[in-house]
Amino acid sequence: MNDAGRVLARAHGLAQDFLDGLDERPVWPRAGFEEMLAAFDGPLPDEGLDPVAVLDELAVTVDTGLTGNAGPRFFGFVVGGHLPVAVGADWLTSTWDQNAGLNSLAPAAGAVEVVAGRWLVDALRLPAGSSVGFVTGGMMANYSCLAAARHAVLARAGWDVAKRGLFDAPRVRIVVGHHRHDTIDRAVRYLGLGQDALVEVVSDDQGRIDVDDLTRVLAHGEGPVIVCLQGGEVHTGAFDDFAAAVPVARRYGAWVHVDGAFGLWAAASPTHRHLTLGLADADSWATDAHKTLNVPYDSGLAIVRDPAALAGAFGVHADYLIGGIADPVERVPEFSRRARGFAVWAALRSLGRDGLAVLVDHLCATASMLAQGLEQIDDIEIVNHVVSTQVMFRLPTDDRTAEMGRRLLADGTCVVTPAVWHGRAVQRCAVSGWSTSEADVAATVAAVRRVVTAL
Ligand SMILES: Cc1ncc(COP(=O)(O)O)c(C=O)c1O
């Protein structure tokens, strides 16, 4: 058990082999879940195995079941790549094995989270002094922000939810756009508010919340209310009109939350910042570092303007906040956890403010280039206004669109994933990886052309 050098050298070699082959391997896995299960299945062995042999066995067995999402031609779902510096910091994070819950137990991890959090707030032009929780992803960032929101809006209504729970509490309305991400609904369920607490507002053809309808909905209700806006709709990449919507929400006393899982980063780019006008006037923002920032999984960020609201939801001793910096445990649902701040810090330290803007601009420019290339293919229609990183396209019939998607996955050159938009089948691209080059866009367009021609 005490041969760390030999074992970690082997792990390094296997990781390097994977990275070296990333550009060449089929992007979609060649083996599915059932094949992988069969490959791994069997009883727990009675006897152990040499650790290096274990790593070899693991790497060989997983190979056909790995997705090439860290590579340059993965455009499915919204899955970021990984910057080498963030992978390196992530390896060190495992090696150091710090428990980032408490500053006394893990002072370096705690300090790095504070500083990386400040850098993020600065880069994203959010209010200085906002509290930042390092969570697993956008889902838990939405949950954490909405937990803070629930705490704050109920406190304003004279109800201490931490003490009294939700039985007999004033009903909280959660006002959402029709095209919100599903994780908002899930977070609302986790919070015990129930799906029925959601009040839906009409969205436009790009998935942006209709501000007139928002005004109407808010005018017809009473009691504690949270408005959820979105920076980056998952299909279209569109941004809600924060400059119009936030003041309306404020007029009705709402807490304003923004789900910006991948889109929030537009605020870091002078070229794309216009999409986020008015964003900083909200109360909370959820985003992912494992998407646009290209940090390895899992890395999400819950940002809350009022630190007391986040600590109110999760704090062990909320009075820690007075005159000092609270323990990380006060900003997230977990207690013991991985020191996620190291990889985020390393990505930001390596990119700097300018590099971050370049990264955002690169992803957006790549999406535009992809749309322009796809548009040249006979029968392909680009469905959305390409304003950020998302591109949706389709063929004239749903059947052909779906078949195109299946054949593209089998082709292996690239990955785009299917969806339904306004009742029609589409294929979606989310450009999220730093390493996608013009040549990768060309190879992707060529693959789509090949598949469409053969349909
Ligand atoms: C807009 C939006 N919100 C939330 C999420 C959930 O993020 P995660 O998968 O990191 O939990 C996503 C994921 O794609 C998203 O696009």
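The values are calculated or read from the model by the stated rules, or taken from the named source; none is laboratory data. All figures in this text were calculated on a predicted structure; none of them were measured in a lab. Cβ atoms come from the backbone with ideal geometry, glycine included; neighbour counts cover every protein chain shown. In case anyone asks, the SASA skips ligands and DNA or RNA and just uses the protein heavy atoms, side chains included. Shrake-Rupley method; radii C 1.70, N 1.55, O 1.52, S 1.80 Å.
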Do you know which of the residues in region 359-378 that are touching a residue at least 24 places away in the same chain (Cβ under 8 Å) and under 28 Å from TRP119 (Cβ atoms) is most open to solvent (accessible area, probe 1.4 Å)?
-> HIS362
Go through region 190-206 and give me each residue that's part of a helix (DSSP H, G or I) and either surrounded by fewer than 17 Cβ atoms within 10 Å (Cβ to Cβ) or of a type in the set (S, T, N, Q) (or both).
-> TYR190, GLN195, ASP196
Hey, ALA187 hits all of (1) outside any loop (DSSP other than H, G, I, E, B); (2) open to solvent by less than 70 Å² (accessible area, probe 1.4 Å); (3) farther than 20 Å from ASP283 by Cα but one; which does it fall short on?
-> (3)
Considering every residue within region 163-184, establish whether at least one is in contact with a Ser or Thr (Cβ under 9 Å, 6 or more places away or on another chain), in contact (Cβ under 8 Å) with a residue 12 or more places away in the chain, open to solvent by 70 Å² or more (accessible area, probe 1.4 Å) and not in a helix (DSSP H, G or I).
-> yes
Can you tell me which residue among ARG337, ARG353, ARG349 is modelled with pLDDT of 95 or more, in contact with a strand residue (DSSP E or B) (Cβ under 9 Å, 6 or more places away or on another chain) and either in a helix (DSSP H, G or I) or open to solvent by 10 Å² or more (accessible area, probe 1.4 Å) (or both)?
-> ARG337
Filter region 246-281 for residues that are without any contact (Cβ under 8 Å) to a residue 40 or more places away in the chain and among the basic types (Lys, Arg); the one that is surrounded by the fewest Cβ atoms within 10 Å (Cβ to Cβ) is ARG251
Single condition SER144 does not satisfy, out of (1) within 16 Å of the ligand (Cβ to nearest atom); (2) farther than 30 Å from GLN427 by Cβ; (3) open to solvent by 30 Å² or more (accessible area, probe 1.4 Å); (4) not aliphatic (A, V, I, L, M) = (3)
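For ALA31, state whether it is open to solvent by less than 60 Å² (accessible area, probe 1.4 Å), under 28 Å from SER435 (Cβ atoms) and touching a residue at least 12 places away in the same chain (Cβ under 8 Å). It would help to see each step written out before you state the result.
On the way: open to solvent by less than 60 Å² (accessible area, probe 1.4 Å): yes; under 28 Å from SER435 (Cβ atoms): yes; touching a residue at least 12 places away in the same chain (Cβ under 8 Å): yes.
Yes.
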When region 86-110 is checked residue by residue, the ones that are at negative phi and open to solvent by 60 Å² or more (accessible area, probe 1.4 Å) are TRP91, LEU92, SER94, THR95, TRP96, GLN98, SER104, LEU105, PRO107
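Is it the case, given these coordinates, that GLU381 is over 24 Å from ARG30 (Cβ atoms), charged (D, E, K, R) and open to solvent by 40 Å² or more (accessible area, probe 1.4 Å)? Write out each step before concluding.
Numbers: over 24 Å from ARG30 (Cβ atoms): yes; charged (D, E, K, R): yes; open to solvent by 40 Å² or more (accessible area, probe 1.4 Å): yes.
Yes: the conditions hold for GLU381.
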Count, please, the residues in region 283-304 that happen to be more than 15 Å from the ligand (Cβ to nearest atom) and not in a strand (DSSP E or B).
-> 1
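I'd like the full set of residues that are more than 16 Å from the ligand (Cβ to nearest atom) and closer than 27 Å to GLY65 by Cβ, limited to region 428-438. Break it down stepwise before answering.
Start the filter on region 428-438 by keeping residues that are more than 16 Å from the ligand (Cβ to nearest atom), which leaves 434-438.
Listed by number, the residues that qualify are TRP434, SER435, THR436, SER437.
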